[in-house]
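Structure first, then comments.
The values are calculated or read from the model by the stated rules, or taken from the named source; none is laboratory data. Keep in mind that this is a model prediction, so the values were computed, not measured. Every residue, glycine as well, gets a Cβ built from its backbone with ideal geometry; the counts of neighbours run over all protein chains shown. Remember, those area values only see protein heavy atoms, side chains included, never the ligands or the DNA or RNA. Shrake-Rupley method; radii C 1.70, N 1.55, O 1.52, S 1.80 Å.
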Amino acid sequence: MFKDSVDVYLKAGKGGNGIVAYRREKYVEFGGPAGGDGGKGGSIIFVADGALNTLLDFTFKKHIMAPSGQNGMPKNMLGKNGEDIILRVPVGTQVLDYDTKQLIYDFAVEGQKEIIAKGGKGGRGNTSFKTHRNPAPSISENGDLGESFHFQLELKVLADVGLVGLPNAGKSTLISNVSNAKPEIANYPFTTLRPHLGLVYVDLEKSFVMADLPGLIEGASSGIGLGFQFLKHIERCRVILHVVSMDKLENPDPYNNFLKINKELELYDETLMNRPMIVCASKMDVIGADEQFEIFKTQLNEAYPIYPISALTQTGLNTLKYKLFETLETIPKVETELIHRTYNLKDAGDFFIITQAEDGVYEVTGEGILTLFTRTNFDNEESVKRFSRQLRSYGLEDALKEKGVKPKDEVRIFGYLFELVD
Ligand SMILES: Nc1nc2c(ncn2[C@@H]2O[C@H](COP(=O)(O)OP(=O)(O)OP(=O)(O)O)[C@@H](O)[C@H]2O)c(=O)[nH]1
Ligand SMILES: [Mg+2]
């Protein structure tokens, strides 16, 4: 089964908590702080792999979670880091924000590696808080939450040459004769149900990637046939090779059909009309093909370069390969954007948001405050004091006062009640 669009939930590991501990050793008179830092949470990493051609695996693992870091330990021992999860995706995979459909990463090159969801930082143990003024702090920090996202993965084939044409035109037969791709071939429409990539060698050092795509029919751009879901794969092909059968019985009016397919491409994405297109007249071995070819060529009127071939008798294949290679050399290599963007949680929302709940109590949420909140160890007085100092320094206290919250009033932060002090 082929799958080129899936959505996934990702949750990177939480950082381990730092701890409060002191050295207690025989003969050591004043045991200093010895609480270790927590380990880092595991991240989720994607790597582009040219050997893959489907996102099917992700339909079986929709929820991906990386392990948390271990808490810090006494004797200044660091907690162990949560292990990263590394997953392979086909080259051509795009990672989009599920809600906004914003493109976050584009896995355009083999081996490209990106941290998709970053594990939380480990919290600091009390040793890390040691200062000259406070040599034995009793404060520690909890680990940060790992990033969590709802992403959509879209596979859009990345090829130099994309084959388009009516079903049965001979696209799969052509690619299996000039490359290592082995798509199914049969004398019925819509034999090919998914894209196939093949490497075409022009000589030992020159090669390019060709993509066999499912057949298109009139109305494909509005969802008729198999077309619509596969049209997106043409988007990222540098050259379009339009295969047109010269078999009079199955394709009595090649020019008209050629125009219809082009119309579908245009309706799907008008910029495809600027993409270099080469026409391949196929099945030249069939009786009457020469005649069809002459008529078709006249109708084309040199608007596109046209190459006659027969996969059956192996004629015209080399000339076509060279022409394709030559054309590719005139087009810039990477047309796709190479996007690696750090998807910053802080960018996603406001640092803090103040709302009034039904019971009249003001509630505080927001991505930034959440980070500070999760870092705070609420069993520890010093940590709680530090939290309120942080709220003040980020301007939350002033913002609350502006809303009319007075000293001694209660404020709810992630379900916990706090009192505003003067
Ligand atoms: N005589 C002749 N028949 C051919 C030639 N190339 C392909 N065919 C036949 O045409 C039929 C369709 O070929 P495919 O390669 O499966 O066509 P396709 O364009 O991939 O079709 P879809 O996958 O359905 O879009 C098969 O029966 C092939 O054997 C050729 O050069 N000469
Ligand atoms: Mg086919």
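The set of residues in the stretch 150-190 that are within 22 Å of the chain's Cα centre (by Cα), open to solvent by 20 Å² or more (accessible area, probe 1.4 Å) and at pLDDT 90 or above comprises H150, Q152, E154, D160. Close Cβ contacts (under 6 Å, 6 or more residues apart or on different chains) running from residues in the stretch 303-323 that are hydroxyl-bearing (S, T, Y) to residues that are more than 16 Å from ligand 2 (Cβ to nearest atom) and open to solvent by 50 Å² or more (accessible area, probe 1.4 Å) comprise S310/D285; T313/D285.
Filter the stretch 156-188 down to the residues that are small (G, A, S) and part of a loop (DSSP other than H, G, I, E, B), then identify the one that is farthest from L312 (Cα to Cα). By that ranking, first place goes to A181. Condition check: of a type in the set (A, V, I, L, M), surrounded by fewer than 24 Cβ atoms within 10 Å (Cβ to Cβ) and touching a Gly at 6+ places or on another chain (Cβ under 7 Å). Does A51 satisfy that? Criteria not met by A51. Can you find a residue that is among the hydrophobic types (A, V, I, L, M, F, W, C) and either at pLDDT below 95 or not assigned by TED's automatic domain parsing to the domain that holds L163 (or both) anywhere in the stretch 274-282? No - not one qualifying residue is present in the stretch 274-282. Checked against (1) more than 16 Å from ligand 2 (Cβ to nearest atom); (2) closer than 22 Å to T54 by Cβ; (3) crowded, with 17+ Cβ neighbours inside 10 Å, L265 passes all but condition (2).
Is it the case that some residue within the stretch 26-38 is more than 19 Å from P137 (Cβ to Cβ), at pLDDT 85 or above, in the same structural domain as N142 (by TED's automatic domain parsing) and among the aromatic types (F, W, Y)? Taking every residue of the stretch 26-38 in turn, none turns out to be more than 19 Å from P137 (Cβ to Cβ), at pLDDT 85 or above, in the same structural domain as N142 (by TED's automatic domain parsing) and among the aromatic types (F, W, Y).
Checking each residue in the stretch 229-262 for being open to solvent by 20 Å² or more (accessible area, probe 1.4 Å), in contact (Cβ under 8 Å) with a residue 40 or more places away in the chain and not in a loop (DSSP other than H, G, I, E, B) picks out Q229, Y255, N257, K260. With S138, S128 as the choices, which residue is part of a loop (DSSP other than H, G, I, E, B) and either among the polar types (S, T, N, Q) or surrounded by fewer than 16 Cβ atoms within 10 Å (Cβ to Cβ) (or both)? Result: S138 is the single residue among S138, S128 that is part of a loop (DSSP other than H, G, I, E, B) and either among the polar types (S, T, N, Q) or surrounded by fewer than 16 Cβ atoms within 10 Å (Cβ to Cβ) (or both).
Taking the criterion of being open to solvent by less than 70 Å² (accessible area, probe 1.4 Å) and away from ligand 1 (no atom under 16 Å from the Cβ), the residues of the stretch 204-215 that qualify are S207, F208, V209. Against the criterion of being at negative phi and away from ligand 1 (no atom under 16 Å from the Cβ), Y307 does not qualify.
Looking across the stretch 175-194, the residues that are near ligand 2 (Cβ under 10 Å from one of its atoms), hydrophobic (A, V, I, L, M, F, W, C) and under 22 Å from G50 (Cβ atoms) come down to I175, L193.
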